[in-house]
Amino acid sequence: MVIDLTGKTFGYLTVLNRAENNSRGDSRWLCRCKCGNEKIILGKSLRSGATVSCGCYHKEVVAKQRTTHGESKTRLFTIWQNMKRRCYNPNNKFYAYYGVRGISICDEWLNDFTSFRDWAVSAGYDETLTIDRIDSDGNYEPSNCRWISRKAQVNNRRSNRFYEINGERKTIAEWCEIYNVPHERTRRRVVNDGWDILDALTTPPLKRNGTPR
């Protein structure tokens, strides 16, 4: 016995009247979506919730996911994007030091900038700070991240100088451990020769004439 669905609403859809059964004898119904489109849909799809619109609902969800709440040009949004790129984009130049090493981002932050933003604000973020993982082998997650200022770094470890790469600040020794390169060679390049920290870490050993070996 077919249950009459006429006049009932399922999601965005309101049933207008019965339509012809499909080739397998399943009942179908002509529905009007709230956007104005009309579409014939299986009764079982309506009752189970498998179909809730003519297709416009999915488009709304995708559009919402792409919305950045007007913050796409903020420094914090850039930090969030760069964090994801170095963990998940094999084409990113930092992927070898994050994604390849298994560094990941917690589900709470990965696809939700607002969640990351709310944590950042509650953790004391401002424009002078950079994100720092407490355990350099750990993931990006609330329990392993903090915001570090230059002033705090100087006060806490006066003997060390910090260098920033892609929004994170660490000592030469810490960067050398992450990049798996010799500390003394890197320190000499940066401190004695004035190299940029990233160039010092990633440039292979040089011959006497200055070319890579």
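The values are calculated or read from the model by the stated rules, or taken from the named source; none is laboratory data. Computed from a predicted structure; not experimentally measured. Glycine gets a Cβ as well: all are built from the backbone with ideal geometry, and neighbour counts include every protein chain shown. Ligands, DNA and RNA are excluded from the accessible area calculation, which covers all protein heavy atoms including side chains. Shrake-Rupley method; radii C 1.70, N 1.55, O 1.52, S 1.80 Å.
Things to note:
- Cβ-Cβ under 6 Å pairs, at least 6 apart or on other chains, the stretch 79-90 side closer than 15 Å to E141 by Cα, far side part of a helix (DSSP H, G or I) and of a type outside the set (S, T, Y): W80/F113; W80/F116
- Sole residue being surrounded by 13 or more Cβ atoms within 10 Å (Cβ to Cβ), part of a loop (DSSP other than H, G, I, E, B) and not aromatic (F, W, Y), chosen from V15, V52, V100, V2: V52
- Residue in the stretch 18-49 that is surrounded by the fewest Cβ atoms within 10 Å (Cβ to Cβ), counting only those that are hydroxyl-bearing (S, T, Y) and either on the phi > 0 side of the Ramachandran plot or within 38 Å of the chain's Cα centre (by Cα) (or both): S48
- Flag for N111 being touching a helix residue (DSSP H, G or I) at 6+ places or on another chain (Cβ under 8 Å), within 26 Å of S72 (Cα to Cα) and open to solvent by 60 Å² or more (accessible area, probe 1.4 Å): yes
- Meets criteria (among the charged types (D, E, K, R), open to solvent by 30 Å² or more (accessible area, probe 1.4 Å), at pLDDT below 90 and over 19 Å from R75 (Cβ atoms)) for E141: no
- Residue satisfying all of: in the stretch 76-97; in a helix (DSSP H, G or I) and modelled with pLDDT under 90; farthest from N180 (Cα to Cα) among these: Y95
- Residues (in a loop (DSSP other than H, G, I, E, B) and polar (S, T, N, Q)) located in the stretch 24-49: S27, N37
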